[in-house]
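Working notes for the structure below.
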Amino acid sequence: MYQNPPPAHSPPLHHPVPQHVSTVPQLRSPPPPQPPSQSHSGYGYAQQHGMPSQQGGYNNIPPAFGGFINDPTAQLGFQMGKSAMNAGQEYVEQNFGRFISVGALKHYFNVSNTYVVNKLWIVLFPWRHRPWSRQQRMTNNTQDVFYLPPREDINSPDMYIPMMALVTYILLSTLLAGLRGAFKPELLGYTTTQAISVMLLEILIIKLGTFLLNISSSSQLLDLVAYSGYKFVGVIISLVLTSLFGQMGIGGSWISWVVFVYCFNANAFFLLRSLRYVLLPESNPQGVGGSAAGYTNTRSQKSARTNFLFLYSYGIQLGFMLWLTKV
């Protein structure tokens with residue numbers, strides 16, 4: 001009788017142990033482009049991986065971008081764009097010049113920072129300013145005389161301050177309306193139309209006065225536009241201080257009237273002294289171009305012109321400034 005042999009014992013299992021440790025290569029970004037004179041030995045990746053070194057102009061900028069400026073098509077586009085801009089500028093000057101001379105308009109924007117600061121000081125504090133006469137310069141022909149630009153003459157009118165004051169007044173009026181909760185989208189257009197209408201009406205009044213009083217002054221229309229815009233400086237100061245004192249609870253309605261009366265008187269005195277060469281040309285009989293056609297010959301004529309100047313500087317300005325401050 002046979003018996004089953006006992007089970008054989010299997011040998012113990014042994015997991016393989018790695019004999020050589022494998023390291024994972026570290027990945028690094030390629031080196032930045034360098035001029036050909038510099039060495040790449042510190043990196044060496046471009047040569048190892050077969051990447052061609054970038055050489056050429058514009059500090060190794062790829063050809064897709066570095067060669068754009070020298071591309072004939074790009075040069076042609078630049079030339080066409082320049083020609084279009086020149087044609088547009090010439091068109092604007094020719095058509096806009098029918099109404100206003102571009103060269104004369106540049107004269108009124110020839111200002112400096114010093115001029116703007118001093119002019120604003122004169123507009124707000126004109127009481128002790130001397131002199132008020134405008135400076136002139138003679139050309140080779142002694143009969144040809146022209147006024148100096150604002151940069152060289154503090155008494156010369158400019159268009160920079162009136163334009164910036166007009167824009168500031170429009171934005172300030174809408175801002176104050178928004179603070180009161182009364183802002184509407186159409187308020188911006190209404191305020192702009194109101195301000196421009198005041199200037200046009202004022203110019204129309206003074207031109208009508210010069211026609212009725214037979215004043216043939218050498219002053220240009222742009223002079224009157226500039227002088228009619230200086231009132232916005234006083235209006236802005238009045239609105240800002242009135243709103244500020246109201247928010248702080250200082251004074252009351254009386255302090256707003258005090259500020260307005262001062263700004264009005266300062267603007268009126270400034271116009272009274274500045275417009276003498278326009279409405280009373282006898283103070284400068286030579287004038288621009290040697291014209292003395294507006295010279296006052298009789299005492300009654302001088303009295304009428306003086307009364308009109310006073311009425312314009314105080315009476316008309318009072319009505320316009322009251323209208324503009326009611327925002």
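The values are calculated or read from the model by the stated rules, or taken from the named source; none is laboratory data. Since we're looking at a predicted model, the values are computed, not measured. Note: ideal-geometry Cβ built from the backbone for every residue, glycine included; neighbour counts use all protein chains shown. Heavy atoms of the whole protein, side chains included, go into the accessibility calculation; ligands, DNA and RNA do not. Shrake-Rupley method; radii C 1.70, N 1.55, O 1.52, S 1.80 Å.
Please sort by residue number the GluC sites (Glu not before Pro) in the stretch 130-237 whose DSSP state is loop and whose Cβ has at most 15 other Cβ atoms within 10 Å. Those satisfying the criteria are 152. If you sort 196, 236 by accessible surface, 1.4 Å probe, largest first, the order is 196, 236.
The label point for residue 109 and the one for residue 146, both projected 7 Å from the Cα toward the Cβ, are 1.8 nm apart. You can think of it this way: the chain between residue 179 and residue 83 has 29.7 nm of extra reach, that is 0.36 nm per residue less the Cα-Cα gap. When a 1.4 Å probe is rolled over the protein heavy atoms, the share of accessible surface on the stretch 134-223 that falls to carbon and sulfur comes to 65 percent.
The loop-placed trypsin sites (Lys or Arg not before Pro) in the stretch 170-236, going by DSSP, that have at most 11 neighbouring Cβ atoms within 10 Å of their Cβ come out as 180. Note on residue 302 and residue 261: the extension gain reaches 11.9 nm, defined as 0.36 nm multiplied by sequence separation minus the Cα-Cα distance. Taking Lys and Arg as +1 and Asp and Glu as -1, the other residues whose beta-carbon sits under 15 Å from that of residue 236 total +3. Karplus-derived 3J(HN,Hα) values for the stretch 104-111, using 6.51 cos²θ - 1.76 cosθ + 1.60 with θ = phi - 60°, are 5, 5, 5, 4, 7, 9, 7, 10 Hz; glycine and proline are entered as x. The residues packed around residue 165, meaning those with a beta-carbon under 13 Å from its beta-carbon, carry a net charge of +1 if Lys and Arg are +1 and Asp and Glu are -1. Listed values for the stretch 298-315 are Karplus-derived 3J(HN,Hα) couplings in whole Hz (6.51 cos²θ - 1.76 cosθ + 1.60, θ = phi - 60°), namely 10, 5, 5, 5, 5, 5, 5, 5, 5, 5, 5, 4, 5, 5, 5, 6, 10, x, and x replaces Gly and Pro.
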